[in-house]
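The structure under discussion appears below in the form of structure tokens.
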Amino acid sequence: MTFAMISLAILVILLSLGVPLPFCFGAALMYMNLAADVSMKGMMMWGLQQILSPVLLCAPLFIFAGGLMSESGIARSLLDYVDSFVGRVRGGLGVVAAVSCAIIGAISGSGLTGLAATGPILIPRMAERGYPRGYAAALVTDSSILGLLIPPSVVMVIYGWVTETSILACFLSTLVPGLMITFLFSTINVVMARKFPLLMDPELPPAERRADKRKKLRAALPALLMPVIILGGIYGGIMTPTEAAAVAVVYSLPLGFWVYKGLTLENFFRVTKDSASAVGSILLMIFCSLMLSQTYVMLRVPQEIVNALFGVTESKVLLLILINLSLFFLGMIVNDITGVILVAPLLLPLVMAIGVHPVQFAAIIGVNLAMGGVTPPYASILYLGMRIGKVEFVEILKPAMTFILLGYVPVVFLVSFFPELSLYLPRVLGLLR
């Protein structure tokens, strides 16, 4: 246990100093090799065997599909369609931002992709309508993390793979929390928008309004069919998540080249290159964090954690609060995929010992890591939102924290203490006993 704590301290310190992730994990693993006599050759062989799992193939495919979607014009058509319903309501454009990020999250499975697809479109549009630019950047950035929660989610694929839990059940476990956060963000935005000097679109006659909605629906229909095909195929038992990810890539190509015409050979090759680079870095992180987490399992660290915490308290409420705080702080210093691989094997025995189902734990991990990803000081996604929105840290900080405190924090507690929020849908579909 002492060796594990020292290796974790090395990892956290190096991450805090901005050292690239592979070197951080490499230093922690080297310490375990020298201090705890863990065989690196054995760990590398085991890690390579694990990472060749076909289940992992859906992660790079969803990342590639998300990249194609952001360049193809799919996101713009969805935004225009949602805007036709609430665009003339005060604060409606902010609702469009939250809902659109949820929809795009259902297509791409990634928070970063959702932010890259919607931020360049929505943030300038909101600023033109009178929203403070820092507020617009905060809303779009915090909403983009819904891509981690609205299925299919790459993070839930990794969690299901690491813990040998049904990936479909993990997908459904975060759906209700994701929809709740979307609703809370929309409500908070409507309240806060009252104090902004917003420019509203002129009200159209009923006939013109209906015609406008029909026109935008026709334009958005091919894009709207994408989540229907993906999710319907997965939950209908027609496709595995990996096959659905491949279908998403194949479906994105004709939409991008010939329907929305946003894809060209030039940006197609750029998206392919960027996706390959992202996939390479993600798989390297998975490989390194897998080896480190496996060394902890070999040294019986999970059992030691269970015994240590039960030695302090046996209260389920207090233990869940401690677990949530740990996950939140972890989400602040590492990305979501690394966080899942590191903590899921370590904490799963503890949460099961206090009666938390592995599928409920998937939702707890998902919401906490999503919240941590946009919380300073190590909020990489928040900093990306600053760059896309072209705002300063002081401009985005206050509204971002408002959405986190009023939107994410209540859902964290609800997911932790009301299991049916994450378990009801998997049970209805017969995925759980």
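Couple of notes before you dig in:
- Qualifying residues in the range 1-51 (those that are surrounded by fewer than 17 Cβ atoms within 10 Å (Cβ to Cβ) and in a loop (DSSP other than H, G, I, E, B)) - the one farthest from the chain's Cα centre (by Cα): Asp37
- Taking each residue of the range 131-153 that is of a type in the set (Lys, Arg) and looking for partners that are surrounded by 24 or more Cβ atoms within 10 Å (Cβ to Cβ) with beta-carbon atoms closer than 9 Å, six or more apart or interchain, yields Arg133/Ile123; Arg133/Met126; Arg133/Gly389; Arg133/Ile396.
- Selection from the range 210-264 of residues that are assigned to a helix (DSSP H, G or I) and either touching a Lys or Arg at 6+ places or on another chain (Cβ under 8 Å) or among the basic types (Lys, Arg) (or both): Arg210, Lys213, Arg214, Lys215, Lys216, Arg218
- Candidates in the range 372-407 are the residues that are of a type in the set (Val, Ile, Thr) and surrounded by 15 or more Cβ atoms within 10 Å (Cβ to Cβ); of these, the one that is farthest from the chain's Cα centre (by Cα) is Val391.
- Filtering the range 149-176 to residues that are in a loop (DSSP other than H, G, I, E, B), within 15 Å of Val340 (Cβ to Cβ) and more than 13 Å from the chain's Cα centre (by Cα) leaves Glu164, Thr165.
- Test: Glu203 is in a helix (DSSP H, G or I), more than 32 Å from the chain's Cα centre (by Cα), at pLDDT below 80 and not basic (Lys, Arg): no
- When the range 184-195 is filtered for residues that are buried (at least 16 other Cβ atoms within 10 Å of the Cβ) and not hydroxyl-bearing (Ser, Thr, Tyr), the ones remaining, listed by number, are Leu184, Phe185, Ile188, Asn189, Val190, Met192, Ala193.
- All of Val247, Val301, Val317 fail the test of being at pLDDT 80 or above and either crowded, with 17+ Cβ neighbours inside 10 Å or within 30 Å of Asp80 (Cα to Cα) (or both), apart from Val247.
- Filtering the range 220-239 to residues that are aliphatic (A, V, I, L, M) and closer than 15 Å to Ile150 by Cβ leaves Leu224, Met226, Val228, Ile230, Leu231, Ile234.
- Only one entry of Tyr135, Tyr131 meets the criterion of being modelled with pLDDT of 85 or more, more than 10 Å from the chain's Cα centre (by Cα), part of a loop (DSSP other than H, G, I, E, B) and of a type in the set (Ser, Thr, Tyr), and that entry is Tyr131.
- Subset of the range 262-285 (residues that are at pLDDT 75 or above and surrounded by 19 or more Cβ atoms within 10 Å (Cβ to Cβ)): Gly262, Leu263, Val271, Ser275
- Qualifying residue in the range 65-75 (condition: at pLDDT 75 or above, buried (at least 24 other Cβ atoms within 10 Å of the Cβ) and not in a helix (DSSP H, G or I)): no
- Any hit, the range 408-424, residues being of a type in the set (D, E, K, R) and under 17 Å from the mean Cα position of the chain (by Cα): no
- From the list Leu179, Leu184, Leu146, the one residue that fits, being hydrophobic (A, V, I, L, M, F, W, C), modelled with pLDDT under 90, closer than 28 Å to Glu420 by Cβ and part of a helix (DSSP H, G or I), is Leu146.
The values are calculated or read from the model by the stated rules, or taken from the named source; none is laboratory data. Keep in mind the model is a prediction, meaning the values are calculated, not measured. Positions of Cβ are generated from backbone atoms using ideal geometry, with glycine treated the same way; all protein chains shown enter the neighbour counts.
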